[in-house]
Amino acid sequence: MIRPVALLFCAFALPALVHAQSTKPGLWEVTQKMGGSPQMDQAMAQMQKQMAAMPPEQRKMMQDMLAKQGMSMPTPSAGGGMAVKICITPEMAARQDLPVQTEGECTNTILSRSASEMKMSFVCKNPPATGEGTFTFQGDTAYTSKMLVRATHQGKPQTMNMEGQGKWLAASCGSVKPLK
């Protein structure tokens, strides 16, 4: 199985990178559900269970680490997914191209873009992974996504499907810092 930390960053970093079609600045909630195999579903359930059982000091350490990346601690969402809150500044929204997540040494390529849809592909070096996705925008305050991720773990190829959504919550990000 793909390492849980890699799953965490893959699940929440990629959508945050590419959802800037015409994005309203402020606080966003990004929800992802991963699957693709019984093993992947089991790994996600295990990761959620471990996160729920974290001692307070370990949870605080994880929250602080994610906050430095501009994300909040993932929480279970309806349907078995995970959700994080991210902050999009007015400058990020104006550029329509958010900063690249440094975790995983990933590069993203926009394959096509229209007013309501964007298709992209990505390649990550650490851990090695490739994939493609489609983001469908509902104005500047919501989107849905479907992604296919291919990786190798312990010499075995793995495929993961991710479905997600992003929704704008508020103009103020509160305590959530912008993505770096």
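The values are calculated or read from the model by the stated rules, or taken from the named source; none is laboratory data. Since this is a predicted model, take the numbers as computed values, not measurements. All Cβ positions, glycine included, derive from the backbone under ideal geometry; neighbour counts span all protein chains shown.
Some values worked out for this structure:
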item: Counted residues, the stretch 137-172 - those being exposed (fewer than 15 other Cβ atoms within 10 Å of the Cβ), of a type in the set (Ser, Thr, Tyr) and without any contact (Cβ under 8 Å) to a residue 60 or more places away in the chain; result: 1
item: Output for the stretch 81-107, where each listed residue is surrounded by 12 or more Cβ atoms within 10 Å (Cβ to Cβ) and modelled with pLDDT under 60; result: Asp97, Leu98, Pro99, Val100, Gln101
item: Test: residue in the stretch 150-165 that is more than 15 Å from the chain's Cα centre (by Cα), over 19 Å from Lys24 (Cα atoms), hydroxyl-bearing (Ser, Thr, Tyr) and modelled with pLDDT under 85; result: yes
item: Enumeration of residues in the stretch 125-146 that are in a strand (DSSP E or B), within 15 Å of Thr107 (Cα to Cα) and out of contact with any Phe, Trp or Tyr (no Cβ under 9 Å at 6 or more places or on another chain); result: Lys125, Pro128
